[in-house]
1. How many residues does the range 78-100 hold that are surrounded by fewer than 18 Cβ atoms within 10 Å (Cβ to Cβ) and part of a helix (DSSP H, G or I)?
2. Residue pairs, Cβ under 7 Å, 6 or more apart or interchain, first in the range 99-122 and farther than 20 Å from Lys135 by Cα, second among the small types (Gly, Ala, Ser) and surrounded by 15 or more Cβ atoms within 10 Å (Cβ to Cβ). List them.
3. Quick one: Arg118 ticks every box in (1) surrounded by 18 or more Cβ atoms within 10 Å (Cβ to Cβ); (2) touching a His at 6+ places or on another chain (Cβ under 9 Å); (3) among the charged types (D, E, K, R) except a single one, so which number is it?
4. Scan the range 91-107 residue by residue and report those that are closer than 14 Å to Leu42 by Cβ and among the hydroxyl-bearing types (Ser, Thr, Tyr).
5. For Glu103, are the conditions met, namely being touching a strand residue (DSSP E or B) at 6+ places or on another chain (Cβ under 8 Å) and among the acidic types (Asp, Glu)?
6. Taking the range 163-195 as the search range and keeping residues that are of a type in the set (A, V, I, L, M), in contact with a Pro (Cβ under 8 Å, 6 or more places away or on another chain) and not in a helix (DSSP H, G or I), which one is farthest from Gly31 (Cα to Cα)?
7. Please verify whether Ile155 is crowded, with 18+ Cβ neighbours inside 10 Å and part of a strand (DSSP E or B), treating the condition exactly as stated.
8. Of all residues being charged (D, E, K, R) and outside any loop (DSSP other than H, G, I, E, B) in the range 28-70, which is nearest to Ala91 (Cα to Cα)? Just the residue, please.
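The values are calculated or read from the model by the stated rules, or taken from the named source; none is laboratory data. Keep in mind it's a predicted model, so treat the numbers as computed, not measured. With ideal geometry, Cβ positions are generated from the backbone for all residues, glycine too; neighbour counts draw on all protein chains shown.
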Amino acid sequence: MPADMHYYEPAHGHGLPHDPFNAIIGPRPIGWIGSQDAQGRLNLAPYSFFNAFNYVPPIIGFSSVGRKDSLNNIEQTGEFSWNLVTRTLAAAMNQSSAAVAPEVDEFQLSGLTPAASRQIAVPRVLESPVSFECKLTQIIQLQAADQSLIPSWLILGEVVAVHIARTLLKDGIYDTAAAEPVLRGGGAADYFRIDAGGLFRMYRP
């Protein structure tokens with residue numbers, strides 16, 4: 001192994017001051033997930049293991065590391081909303097990550113407004129310029145290479161409705177930079193913002 005490469009096997013530890021995995025796989029989009037339990041109690045929580053997985057039908061997913069309220073709620077109702085975190089909403093998103101009891105409403109805790117969805121019962125975040133309404137497709141408990149179960153669950157959902165602020169549509173094309181989406185980095189407090197200065201284009205060969 002070249003001396004200028006740090007090598008480690010995760011099972012034996014990374015040997016660094018902070019685990020680099022989250023920083024390497026990043027910055028990552030944030031899954032700001034709205035859900036509610038069978039009694040209608042609301043929950044809003046950010047997940048840093050989140051992404052899109054399919055075009056048609058559109059499918060998004062996030063991973064719950066440990067059994068969290070979002071997972072429990074989605075198991076009960078089969079629905080959730082996803083809401084875009086922008087720079088102006090970053091502090092509210094961070095507040096919604098607080099470890100609180102299941103009966104605590106993170107919409108209220110974070111000073112946010114639940115807005116009625118059109119295809120699902122779960123509300124979206126009114127202040128967010130982009131929201132998806134999602135219906136559960138799969139919940140998959142993750143496994144290690146030896147097939148042992150890990151206490152983490154991948155929740156996948158089909159996007160059945162989309163809300164986009166018209167200010168983000170330029171000649172009918174969604175302007176990613178104009179939304180200033182916030183992405184999760186590594187470390188305990190690292191986030192990134194997308195802006196127009198980071199744009200470059202490459203067309204497929």
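1. Counting residues in the range 78-100 that are surrounded by fewer than 18 Cβ atoms within 10 Å (Cβ to Cβ) and part of a helix (DSSP H, G or I) gives 6.
2. Between residues of the range 99-122 that are farther than 20 Å from Lys135 by Cα and residues that are among the small types (Gly, Ala, Ser) and surrounded by 15 or more Cβ atoms within 10 Å (Cβ to Cβ), the close pairs are Glu106/Ala45; Glu106/Ser96; Leu109/Ser96; Ser110/Ala92; Ser110/Ser96; Gly111/Ala92; Leu112/Ala92.
3. (1)
4. Ser96, the sole residue that qualifies.
5. No.
6. My answer is Ala165.
7. Here the answer is yes, as Ile155 does meet what is asked.
8. Per the criteria, the residue is Arg28.
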